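**Q** Okay, here's the structure, questions in a sec.
The values are calculated or read from the model by the stated rules, or taken from the named source; none is laboratory data. Please read all numbers here as calculations on a predicted model, not as lab measurements. No Cβ is skipped: glycine too gets one built from the backbone with ideal geometry, and neighbour counts run over all protein chains shown. In case anyone asks, the SASA skips ligands and DNA or RNA and just uses the protein heavy atoms, side chains included. Shrake-Rupley method; radii C 1.70, N 1.55, O 1.52, S 1.80 Å.
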Protein chains: 2
Amino acid sequence: MHPDTHALLTLVLAGGPAAPRHALAAYPGGPAAALAAGPPLWRALGSPVQQQHQLAQPDPQRLADARKWLAQPGHHLLGLADPQLPPALRELPDPPVALFVHGDPAALWRPAIAVVGSRSPTPAGRALASRFSAAFAEAGVAVLSGLASGIDAAAHVAALDHGGCTVAVIATGPDRCYPDTHERLQARIAHHGAVVSEYPPGTAARPGQFPARNRLVAGLSLVTLVVEAAYRSGALITARLAAEAGREVCALPGSVNNPRARGCHRLIREGAALVETPQEVLALLAPGLAHALPALQNALQAPIQGGPEVTLPPALAAEPDYQCLWNALDHDPIPMDSVITRCGLTAARLSSMLLAMELAGIVVCEHGRYCRNPGFPTSTAS
Amino acid sequence: MHPDTHALLTLVLAGGPAAPRHALAAYPGGPAAALAAGPPLWRALGSPVQQQHQLAQPDPQRLADARKWLAQPGHHLLGLADPQLPPALRELPDPPVALFVHGDPAALWRPAIAVVGSRSPTPAGRALASRFSAAFAEAGVAVLSGLASGIDAAAHVAALDHGGCTVAVIATGPDRCYPDTHERLQARIAHHGAVVSEYPPGTAARPGQFPARNRLVAGLSLVTLVVEAAYRSGALITARLAAEAGREVCALPGSVNNPRARGCHRLIREGAALVETPQEVLALLAPGLAHALPALQNALQAPIQGGPEVTLPPALAAEPDYQCLWNALDHDPIPMDSVITRCGLTAARLSSMLLAMELAGIVVCEHGRYCRNPGFPTSTAS
């Protein structure tokens, strides 16, 4: 195990105030160097005595459990300074010290829409969560939610059933499942997207962890859609956190006879966008994408760690659809029809992928024809 | 027949551009003097030749029909300058030259909420129109609508069934009914409120008259509530005209699966208030009441035409509930309980009446006890 990974686990397990641990996780020399520097540095960064004890002597059993979990395939730990961690998370007022990821870390880089709402929706609400999430999946956008019963589960399932990518942010350790009836769903999500937690393996569900989880749901998505929510609902917390983090928030209206529309109406009155169609929600991605692009471009222009044969940045190359699209493109522009024929993907899906790649400067579109951007750094290696 | 009434009928029947007829109807010496002044004055006010012919020689048959209609009990004609015409109507960009009123002209002075929407609502929409209108009626507010099928009819019927006051603005002459299935409803409205039209007796329904009718629905109400409306619906015209006239506009949200909620959602996006309860709609009356109060106070302070024994202004004295409340009040403050016992009205109804009278300066409230305002001009006559 890499010394930095060991150090990150120690930081996560130490608990206590987050600010000193953020500083140690993002320490210029790396977390291992930060821990090796010992109590004088820790104190200087504001770590209280109790936390210093935990940093000096981490619980061996919990450490062993976490190392064991991390040793399994598809299990990852992304520290606060890890280039694989989406920069949007680092910009949060209270970022995670590290994220445990079961599945594909590249899924966190997809433009994502959080679909949240009541744990006990009406049948119509559940159907709307499915219909909207299916449309997002087909547009190539990740569907993000909290793995809860009701709206959350409907959103994840619809994204999976339509061949899309979905990300679950959970409030337990990555080896646990809450509610336990969602164990199979959690495994499916890990297989086709990612299950994400800031809690170490072995952590059970505790009430205070759900609002904390909600801030990551908000922070990892560009748009938060509330499908159905009572007047006092955890989904409203997610929506408020999303608005505070500068993300777009939208809500579906409902009949005034439906108590589970009250929370949505409350949000709309407070300024959330009233949306009626998936297309309207997708249109709300634009401002967030524009904001996220510089970071994405920086990530794409960073040295490629996988070796010279990698022509797409790792976050995209890890996704078969993007790799397929990349292979289909030439240095000479080809029309959309040819791209569709070569890739076998839908026009809607390809459009959103091409748009993202175009905005990132990897692809050039001229008169409706697409080609690799000859000026893009990584394309010279192809 | 009063010469001014004859002159007003001539102005209404003349047709043609409204501006010269407005000027003649509001002529300082009265409409009869304006007509007697002849073509030089008419020309000076911009009347075209064709209209001058009509003014000089009104159609004798139509004039006779209108006079016959006006001769019947409960039939009134209020000219643009008539003090019985609510000032809010005069403030419209395109006020009526005169209004034919079947019923009680005082009903037009009540704070009114327009309840409008689809001619073919869902059962739930119809039920909401009824529920909200019943609550408005119980709060002592007039329910205003256009006598159309669907939402309009449901609103009128609910107000009547709950002992309230309702006003129908119709797009035909006051002796006609459209749709003809609403003949009995129209008679009930005239009996318990007022049926209002700017068209002379004998005028049949014509498409262009419905948008014109809608401007009067908007202009006569302080708040316009849209219950259910398709994306392109006449109710939206009413709502826009209401907003343009500075009135409050609100709409009920609905399921995104309900096509008849689209118009409401469109309005909410354009700035209409999203409302869920009748109380929220009633709360929107406040700004309009504050704006309307000076005019109401002027009207109240005007010389009382009914004779010295009238202690309430005619608009209020004509309403049995207000007269009863006035009689129940002393010059010494009495608690709300006593007012309820003396009047036999509900606390909610009395509260809204007392609030209106308090705001108009007729009644004083001190420490929750009410009395006639000793400083109010008309109260010295009691």
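**Q** Over the residues of the protein assembly as shown, compute the C-alpha Rg and express it relative to 2.2 N^0.38 Å.
**A** Output field value: 1.29.
**Q** Also, quick follow-up: Distance in whole Å from the B-onto-A rotation axis to the closest C-beta of chain B, together with the residue it belongs to, please.
**A** Taking Cβ atoms only, the nearest residue and its distance are B:Pro253, 2.
**Q** Among B:195-201, B:224-230, what's the highest-first ranking by average C-beta atoms within 10 angstrom per residue?
**A** B:224-230, B:195-201
**Q** How many nm separate the modelled label positions at A:Leu63 and B:Glu270, each set 7 Å beyond the Cα in the direction of the Cβ?
**A** 6.7
**Q** Take B:Arg232 and B:Arg90, extend 7 Å from each Cα along the Cα→Cβ direction, and tell me the distance between the two endpoints in nm.
**A** Simple spin-label model gives 4.0 nm for this pair.
**Q** Something else about it: Counting only residues 5 or more places away or on other chains, whose amide H sits under 5 Å from the amide H of A:Val249 once H atoms are built in the peptide plane?
**A** Long-range HN contacts for A:Val249: A:Thr224, A:Ala273.
**Q** Now for a different question. Roughly how far apart, in whole Å, are the Cα centres of the range B:25-91 and the range A:61-89?
**A** 85
**Q** Going by the alpha-carbon gyration tensor, a ≥ b ≥ c the square roots of its eigenvalues, is the range B:26-77 rounded (a/c under 1.5) or, if a/c is not under 1.5, prolate (a/b greater than b/c) versus oblate?
**A** In terms of gyration-tensor shape, oblate.
**Q** Taking a point 7 Å out from Cα toward Cβ as the label site, list the nm distances between B:Ser149 and the same residue in every other copy, smallest first.
**A** Between copies, matching label points for B:Ser149 lie 4.5 nm apart.
**Q** Let a ≥ b ≥ c be the square roots of the eigenvalues of the Cα gyration tensor of the range B:137-236; is it rounded (a/c under 1.5), or, if not, prolate (a/b larger than b/c) or oblate?
**A** In terms of gyration-tensor shape, oblate.
**Q** Which whole number gives the average count of other chain Cβ atoms within 10 Å of the Cβ atoms across peptide A:142-151?
**A** 0
**Q** Relative contact order of chain A, please, whole-number percent, based on alpha carbon pairs below 8 angstrom and at least 6 residues apart.
**A** 12
**Q** Shielding of B:256-262 by partners, i.e. mean partner chain Cβ atoms within 10 Å per residue?
**A** Going residue by residue through B:256-262 and averaging, the value is 4.
**Q** Per-residue counts of other Cβ atoms within 10 Å, averaged by peptide: what ranking do you get for A:52-64, A:78-90, highest first?
**A** With the highest mean Cβ count within 10 Å placed first, the list reads A:78-90, A:52-64.
**Q** Hey, what number do you get for the protein assembly as shown at 222 nm if only DSSP H runs of n ≥ 4 count, each worth -39500 (n - 2.57), divided across all residues, to the nearest 500?
**A** Calculated at 222 nm, the ellipticity per residue is -13500 deg cm²/dmol.
**Q** Now a separate question. FRET efficiency for B:Asp337 and B:Asp161, Cβ-Cβ distance as r, R0 = 25 Å, nearest 0.05?
**A** 0.30
**Q** Let me ask something else about it. For label points placed 7 Å from Cα toward Cβ, what is the shortest-first list of nm distances from B:Pro333 to its copies?
**A** 8.1
**Q** Right, another one. If you take each beta carbon of peptide B:80-93 and count the beta carbons of other chains within 10 angstrom, what is the mean?
**A** Partner Cβ neighbours, averaged per residue: 0.
**Q** Now a separate question. At 7 angstrom along the Cα-to-beta-carbon line, where would the label on B:Ala71 sit relative to the other copies? Give the distances in nm, shortest first.
**A** 10.9
**Q** Still on this model: With +1 on each Lys and Arg Cβ and -1 on each Asp and Glu Cβ, how big is the dipole of the protein assembly as shown about its Cα centre, in debye rounded to the nearest 20?
**A** 440
**Q** Before we go on, tell me the buried accessible area for the A/B pair, both chains summed, 1.4 Å probe, in Å² to the nearest 100.
**A** Using a 1.4 Å probe, the pair buries roughly 1500 Å².
**Q** Between A:Cys324 and B:Ala212, take the C-beta separation as r, use R0 = 60 Å, and let me know the FRET efficiency to the nearest 0.05.
**A** 0.45
**Q** Give the shape of chain B as rounded, prolate or oblate, defined through the alpha-carbon gyration tensor: a ≥ b ≥ c are the square roots of its eigenvalues, a/c under 1.5 means rounded, and otherwise the shape is prolate if a/b is larger than b/c and oblate if not.
**A** oblate
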